[in-house]
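The values are calculated or read from the model by the stated rules, or taken from the named source; none is laboratory data. Keep in mind the model is a prediction, meaning the values are calculated, not measured. Glycine also receives a Cβ, built like all others from the backbone with ideal geometry; neighbour counts cover every protein chain displayed. Surface accessibility is based on the protein's heavy atoms, side chains included, excluding ligands, DNA and RNA. Shrake-Rupley method; radii C 1.70, N 1.55, O 1.52, S 1.80 Å.
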Amino acid sequence: MVGNWKMHPTHLETIQMVQKLSYRLEPGDYERVDVVVAPPFTALRSAQTVIEADHLSIRLGAQNVSWEDEGAYTGEISPVMLAKLAVTYVIVGHSERRELFGESDADANRKVAAVLRHSMTPILCVGETAEEREADFSEEKVSGQVLVGLQGLSAGAVESSVIAYEPIWAIGTGRTASADDAGGMATFIRGLVGDQHGGAAEGVRILYGGSVNPGNIAGLMAKRDIDGALVGGASLDPDEFASIIRYFA
Ligand code: PGA
(Lines give C-alpha, C1' and ligand atoms only; values in the text may rest on other atoms or scores of the structure.)
Protein backbone atom coordinates (compact mmCIF):
# COMPACT_ATOMS: atom_id res chain seq x y z
CA MET A 1 0.00 0.00 0.00
CA VAL A 2 1.67 3.15 -1.21
CA GLY A 3 0.76 6.64 -0.03
CA ASN A 4 1.57 9.15 -2.74
CA TRP A 5 1.71 12.44 -0.86
CA LYS A 6 2.27 14.44 -4.06
CA MET A 7 3.19 18.14 -3.55
CA HIS A 8 1.48 18.42 -0.19
CA PRO A 9 3.44 18.08 3.09
CA THR A 10 6.46 20.11 4.14
CA HIS A 11 9.26 18.19 5.86
CA LEU A 12 7.80 19.11 9.27
CA GLU A 13 4.32 17.94 8.33
CA THR A 14 5.83 14.76 6.90
CA ILE A 15 7.46 13.90 10.25
CA GLN A 16 4.08 14.19 11.98
CA MET A 17 2.29 12.21 9.29
CA VAL A 18 4.80 9.34 9.45
CA GLN A 19 4.56 9.24 13.25
CA LYS A 20 0.76 9.40 13.29
CA LEU A 21 0.54 6.62 10.73
CA SER A 22 2.90 4.45 12.75
CA TYR A 23 0.78 4.91 15.93
CA ARG A 24 -2.23 3.53 14.07
CA LEU A 25 -0.54 0.37 12.80
CA GLU A 26 0.23 -2.87 14.65
CA PRO A 27 3.36 -4.99 14.09
CA GLY A 28 1.19 -7.67 12.43
CA ASP A 29 -0.01 -5.18 9.80
CA TYR A 30 3.49 -4.91 8.38
CA GLU A 31 3.69 -8.69 8.08
CA ARG A 32 0.61 -8.70 5.86
CA VAL A 33 1.17 -5.50 3.94
CA ASP A 34 4.21 -3.60 2.67
CA VAL A 35 3.54 -0.02 3.78
CA VAL A 36 5.18 2.75 1.74
CA VAL A 37 4.98 6.53 2.01
CA ALA A 38 6.18 8.77 -0.81
CA PRO A 39 6.61 12.35 0.46
CA PRO A 40 8.10 15.16 -1.65
CA PHE A 41 11.89 15.14 -2.19
CA THR A 42 12.47 17.86 0.42
CA ALA A 43 10.89 15.65 3.10
CA LEU A 44 12.66 12.36 2.33
CA ARG A 45 15.56 12.98 4.69
CA SER A 46 13.24 13.88 7.57
CA ALA A 47 11.05 10.84 6.94
CA GLN A 48 14.12 8.59 6.79
CA THR A 49 15.38 9.98 10.11
CA VAL A 50 12.07 9.28 11.88
CA ILE A 51 11.79 5.81 10.37
CA GLU A 52 15.32 4.92 11.50
CA ALA A 53 15.12 6.52 14.93
CA ASP A 54 11.78 4.90 15.76
CA HIS A 55 12.65 1.59 14.05
CA LEU A 56 9.51 1.77 11.93
CA SER A 57 8.74 -0.82 9.26
CA ILE A 58 7.34 1.87 6.97
CA ARG A 59 9.23 1.96 3.67
CA LEU A 60 10.22 5.14 1.93
CA GLY A 61 9.22 5.97 -1.63
CA ALA A 62 10.10 8.84 -3.99
CA GLN A 63 7.70 10.34 -6.51
CA ASN A 64 10.10 10.76 -9.42
CA VAL A 65 13.77 10.31 -10.37
CA SER A 66 16.29 11.21 -13.06
CA TRP A 67 17.53 8.43 -15.34
CA GLU A 68 21.06 9.82 -14.99
CA ASP A 69 23.29 9.08 -11.98
CA GLU A 70 24.93 12.52 -11.92
CA GLY A 71 25.84 15.48 -14.09
CA ALA A 72 24.69 18.87 -15.30
CA TYR A 73 20.94 18.32 -14.96
CA THR A 74 19.71 21.35 -13.03
CA GLY A 75 16.73 20.55 -10.86
CA GLU A 76 16.93 16.77 -11.20
CA ILE A 77 17.33 14.19 -8.41
CA SER A 78 19.44 11.12 -9.12
CA PRO A 79 18.74 7.51 -8.17
CA VAL A 80 22.08 7.49 -6.30
CA MET A 81 20.79 10.23 -4.01
CA LEU A 82 17.55 8.39 -3.37
CA ALA A 83 19.24 5.05 -2.67
CA LYS A 84 21.53 6.78 -0.12
CA LEU A 85 18.44 8.03 1.73
CA ALA A 86 17.15 4.48 2.12
CA VAL A 87 14.45 5.04 -0.47
CA THR A 88 13.27 1.60 -1.63
CA TYR A 89 10.41 2.45 -4.03
CA VAL A 90 10.25 5.06 -6.77
CA ILE A 91 7.05 6.07 -8.57
CA VAL A 92 7.77 6.36 -12.29
CA GLY A 93 5.60 7.88 -15.01
CA HIS A 94 2.73 8.98 -12.80
CA SER A 95 -0.01 10.44 -15.02
CA GLU A 96 0.61 13.89 -13.52
CA ARG A 97 4.24 13.65 -14.70
CA ARG A 98 3.09 12.50 -18.10
CA GLU A 99 0.24 15.00 -18.58
CA LEU A 100 1.65 18.10 -16.89
CA PHE A 101 5.39 17.65 -17.51
CA GLY A 102 5.43 15.84 -20.85
CA GLU A 103 7.04 12.59 -19.76
CA SER A 104 6.91 9.85 -22.40
CA ASP A 105 6.85 6.06 -22.25
CA ALA A 106 10.52 6.10 -23.30
CA ASP A 107 11.33 8.42 -20.38
CA ALA A 108 9.52 6.05 -18.03
CA ASN A 109 11.53 3.13 -19.41
CA ARG A 110 14.85 4.89 -18.74
CA LYS A 111 13.71 5.80 -15.23
CA VAL A 112 12.59 2.25 -14.47
CA ALA A 113 16.02 0.99 -15.54
CA ALA A 114 17.78 3.64 -13.40
CA VAL A 115 15.75 2.68 -10.32
CA LEU A 116 16.52 -1.02 -10.77
CA ARG A 117 20.22 -0.29 -11.40
CA HIS A 118 20.36 1.08 -7.86
CA SER A 119 18.49 -1.85 -6.32
CA MET A 120 15.28 0.06 -5.68
CA THR A 121 11.80 -0.97 -6.83
CA PRO A 122 10.07 0.98 -9.59
CA ILE A 123 6.32 1.59 -9.43
CA LEU A 124 5.46 2.10 -13.10
CA CYS A 125 2.16 3.98 -13.47
CA VAL A 126 -0.11 3.39 -16.45
CA GLY A 127 -3.69 4.29 -17.27
CA GLU A 128 -6.09 5.75 -19.81
CA THR A 129 -7.86 9.11 -20.00
CA ALA A 130 -11.65 9.47 -19.96
CA GLU A 131 -11.64 10.07 -23.74
CA GLU A 132 -9.56 6.97 -24.37
CA ARG A 133 -11.95 4.96 -22.23
CA GLU A 134 -14.95 6.32 -24.17
CA ALA A 135 -13.21 5.37 -27.42
CA ASP A 136 -12.61 1.82 -26.17
CA PHE A 137 -8.87 2.43 -26.35
CA SER A 138 -7.99 1.63 -22.71
CA GLU A 139 -6.27 -1.73 -23.27
CA GLU A 140 -4.27 -0.41 -26.21
CA LYS A 141 -3.09 2.61 -24.24
CA VAL A 142 -2.15 0.56 -21.20
CA SER A 143 -0.42 -2.16 -23.19
CA GLY A 144 1.76 0.42 -24.97
CA GLN A 145 2.72 1.97 -21.63
CA VAL A 146 3.53 -1.39 -20.05
CA LEU A 147 5.46 -2.78 -23.02
CA VAL A 148 7.61 0.31 -23.54
CA GLY A 149 7.96 0.96 -19.82
CA LEU A 150 9.43 -2.51 -19.18
CA GLN A 151 11.36 -2.80 -22.46
CA GLY A 152 14.81 -4.35 -22.25
CA LEU A 153 14.46 -5.54 -18.66
CA SER A 154 15.46 -9.04 -17.57
CA ALA A 155 12.74 -11.38 -16.30
CA GLY A 156 14.19 -10.99 -12.80
CA ALA A 157 13.94 -7.22 -13.00
CA VAL A 158 10.34 -7.36 -14.21
CA GLU A 159 9.44 -9.81 -11.47
CA SER A 160 10.65 -7.45 -8.76
CA SER A 161 8.83 -4.44 -10.21
CA VAL A 162 5.45 -2.94 -9.41
CA ILE A 163 2.92 -1.72 -11.96
CA ALA A 164 0.17 0.66 -10.88
CA TYR A 165 -2.97 0.80 -13.00
CA GLU A 166 -4.37 4.29 -12.49
CA PRO A 167 -7.17 5.33 -14.85
CA ILE A 168 -6.65 9.08 -15.18
CA TRP A 169 -10.38 9.83 -14.89
CA ALA A 170 -10.36 8.21 -11.44
CA ILE A 171 -7.42 10.16 -9.98
CA GLY A 172 -8.44 12.79 -7.45
CA THR A 173 -12.01 12.79 -8.76
CA GLY A 174 -13.79 10.58 -6.23
CA ARG A 175 -14.78 8.37 -9.19
CA THR A 176 -13.19 4.98 -8.52
CA ALA A 177 -13.07 2.34 -11.23
CA SER A 178 -15.42 -0.50 -10.28
CA ALA A 179 -13.64 -3.42 -8.66
CA ASP A 180 -14.56 -5.52 -11.72
CA ASP A 181 -13.10 -3.02 -14.19
CA ALA A 182 -9.95 -2.49 -12.12
CA GLY A 183 -9.53 -6.22 -11.57
CA GLY A 184 -10.10 -6.90 -15.27
CA MET A 185 -7.38 -4.46 -16.25
CA ALA A 186 -5.00 -5.93 -13.66
CA THR A 187 -5.57 -9.38 -15.18
CA PHE A 188 -5.01 -7.93 -18.65
CA ILE A 189 -1.71 -6.37 -17.50
CA ARG A 190 -0.51 -9.61 -15.88
CA GLY A 191 -1.31 -11.47 -19.11
CA LEU A 192 0.61 -8.92 -21.13
CA VAL A 193 3.65 -9.20 -18.86
CA GLY A 194 3.41 -12.98 -19.19
CA ASP A 195 3.42 -12.78 -22.99
CA GLN A 196 6.54 -10.61 -22.94
CA HIS A 197 8.44 -11.78 -19.89
CA GLY A 198 7.14 -15.29 -19.13
CA GLY A 199 7.03 -16.42 -15.51
CA ALA A 200 7.93 -12.93 -14.27
CA ALA A 201 4.21 -12.15 -14.55
CA GLU A 202 3.52 -14.21 -11.44
CA GLY A 203 5.89 -12.12 -9.34
CA VAL A 204 5.15 -8.62 -10.60
CA ARG A 205 2.91 -6.75 -8.16
CA ILE A 206 -0.03 -4.88 -9.66
CA LEU A 207 -1.60 -1.98 -7.80
CA TYR A 208 -4.80 -0.07 -8.48
CA GLY A 209 -4.86 3.69 -7.99
CA GLY A 210 -7.56 6.34 -8.36
CA SER A 211 -9.79 7.56 -5.52
CA VAL A 212 -9.04 4.59 -3.28
CA ASN A 213 -10.61 5.04 0.17
CA PRO A 214 -11.41 2.95 3.25
CA GLY A 215 -14.83 2.10 1.79
CA ASN A 216 -13.73 0.69 -1.56
CA ILE A 217 -10.36 -0.92 -0.78
CA ALA A 218 -11.64 -4.33 0.34
CA GLY A 219 -13.61 -4.85 -2.88
CA LEU A 220 -10.57 -3.94 -4.96
CA MET A 221 -8.24 -6.18 -2.95
CA ALA A 222 -10.63 -9.11 -3.39
CA LYS A 223 -9.71 -9.18 -7.09
CA ARG A 224 -7.18 -11.89 -7.90
CA ASP A 225 -4.74 -9.71 -9.81
CA ILE A 226 -4.85 -6.61 -7.60
CA ASP A 227 -2.03 -6.83 -5.08
CA GLY A 228 -2.26 -3.40 -3.52
CA ALA A 229 -3.12 0.26 -4.00
CA LEU A 230 -1.46 3.55 -4.85
CA VAL A 231 -3.35 6.05 -2.72
CA GLY A 232 -3.27 9.84 -3.16
CA GLY A 233 -5.79 12.01 -1.31
CA ALA A 234 -6.83 9.46 1.32
CA SER A 235 -3.20 8.75 2.27
CA LEU A 236 -2.77 12.32 3.56
CA ASP A 237 -5.04 11.48 6.49
CA PRO A 238 -3.28 8.99 8.79
CA ASP A 239 -6.61 7.55 10.00
CA GLU A 240 -7.87 6.94 6.49
CA PHE A 241 -4.57 5.58 5.22
CA ALA A 242 -4.30 3.26 8.23
CA SER A 243 -7.77 1.86 7.57
CA ILE A 244 -6.86 1.27 3.93
CA ILE A 245 -3.70 -0.57 5.03
CA ARG A 246 -5.80 -2.59 7.50
CA TYR A 247 -8.46 -3.39 4.88
CA PHE A 248 -8.45 -7.04 6.03
CA ALA A 249 -9.25 -6.21 9.68
P1 PGA B 1 -6.04 9.73 -5.59
O2 PGA B 1 -4.61 9.72 -6.32
O3 PGA B 1 -6.06 8.57 -4.63
O4 PGA B 1 -6.11 11.06 -4.90
O5 PGA B 1 -7.08 9.57 -6.66
C6 PGA B 1 -4.01 8.52 -6.72
C7 PGA B 1 -2.68 8.81 -7.40
O8 PGA B 1 -2.59 9.79 -8.13
O9 PGA B 1 -1.70 8.06 -7.23
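Only one of (1) within 22 Å of Gly209 (Cβ to Cβ); (2) touching a His at 6+ places or on another chain (Cβ under 7 Å) fails for Ser46. Which number is that?
Condition not satisfied by Ser46: (1).
Quick grid of which residues meet (1) open to solvent by 20 Å² or more (accessible area, probe 1.4 Å); (2) hydroxyl-bearing (Ser, Thr, Tyr):
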{"site": "Val65", "(1), (2)": "no, no"}
{"site": "Asp69", "(1), (2)": "yes, no"}
{"site": "Ala72", "(1), (2)": "yes, no"}
{"site": "Val112", "(1), (2)": "no, no"}
{"site": "Thr121", "(1), (2)": "yes, yes"}
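Kindly list the number of the only condition in (1) buried (at least 16 other Cβ atoms within 10 Å of the Cβ); (2) of a type in the set (Gly, Ala, Ser); (3) away from the ligand (no atom under 16 Å from the Cβ) that fails for Ala38.
Unmet condition: (3).
What residue, of Ala164, Ala155, is open to solvent by 50 Å² or more (accessible area, probe 1.4 Å), under 21 Å from Asp195 (Cα atoms) and of a type in the set (A, V, I, L, M)?
Only one candidate passes the filter, namely Ala155.
Residues Ser161, Ser119, Ser143, Ser154: which one is small (Gly, Ala, Ser) and closer than 30 Å to Pro214 by Cβ?
Selected residue: Ser161, the only one of Ser161, Ser119, Ser143, Ser154 that is small (Gly, Ala, Ser) and closer than 30 Å to Pro214 by Cβ.
Does Glu76 count as in contact with a helix residue (DSSP H, G or I) (Cβ under 9 Å, 6 or more places away or on another chain), away from the ligand (no atom under 16 Å from the Cβ), among the charged types (D, E, K, R) and farther than 30 Å from Glu132 by Cα?
The answer is no for Glu76.
Give the residue that is most open to solvent (accessible area, probe 1.4 Å), with candidates limited to residues of the stretch 132-152 that are free of Cβ contacts under 8 Å to residues at least 40 places away in the same chain and in contact with a helix residue (DSSP H, G or I) (Cβ under 9 Å, 6 or more places away or on another chain).
Of everything passing the filter in the stretch 132-152, Glu140 is most open to solvent (accessible area, probe 1.4 Å).
Got a sec? Which strands (runs of 3 or more DSSP E) wholly within the stretch 132-249 have at least 2 residues that are within 14 Å of the ligand (Cβ to nearest atom) and out of contact with any Asp or Glu (no Cβ under 8 Å at 6 or more places or on another chain)?
Those strands (runs of 3 or more DSSP E) span 162-165, 228-231.
Do you know which of the residues in the stretch 192-249 that are in contact with a strand residue (DSSP E or B) (Cβ under 8 Å, 6 or more places away or on another chain) and hydroxyl-bearing (Ser, Thr, Tyr) is nearest to Gly149 (Cα to Cα)?
The qualifying residue nearest to Gly149 (Cα to Cα) is Tyr208.
Taking Arg98, is it surrounded by fewer than 23 Cβ atoms within 10 Å (Cβ to Cβ) and under 17 Å from the mean Cα position of the chain (by Cα)?
Against the criterion (surrounded by fewer than 23 Cβ atoms within 10 Å (Cβ to Cβ) and under 17 Å from the mean Cα position of the chain (by Cα)), Arg98 qualifies.
When the residues of the stretch 211-248 are narrowed to those that are of a type in the set (A, V, I, L, M, F, W, C) and free of Cβ contacts under 8 Å to residues at least 60 places away in the same chain, which ends up farthest from Ala177 (Cα to Cα)?
Within the stretch 211-248, the match that is farthest from Ala177 (Cα to Cα) is Ala234.
For residues in the stretch 97-122 being in contact with a helix residue (DSSP H, G or I) (Cβ under 9 Å, 6 or more places away or on another chain) and within 13 Å of the ligand (Cβ to nearest atom), which is farthest from Val2 (Cα to Cα)?
That would be Glu99.
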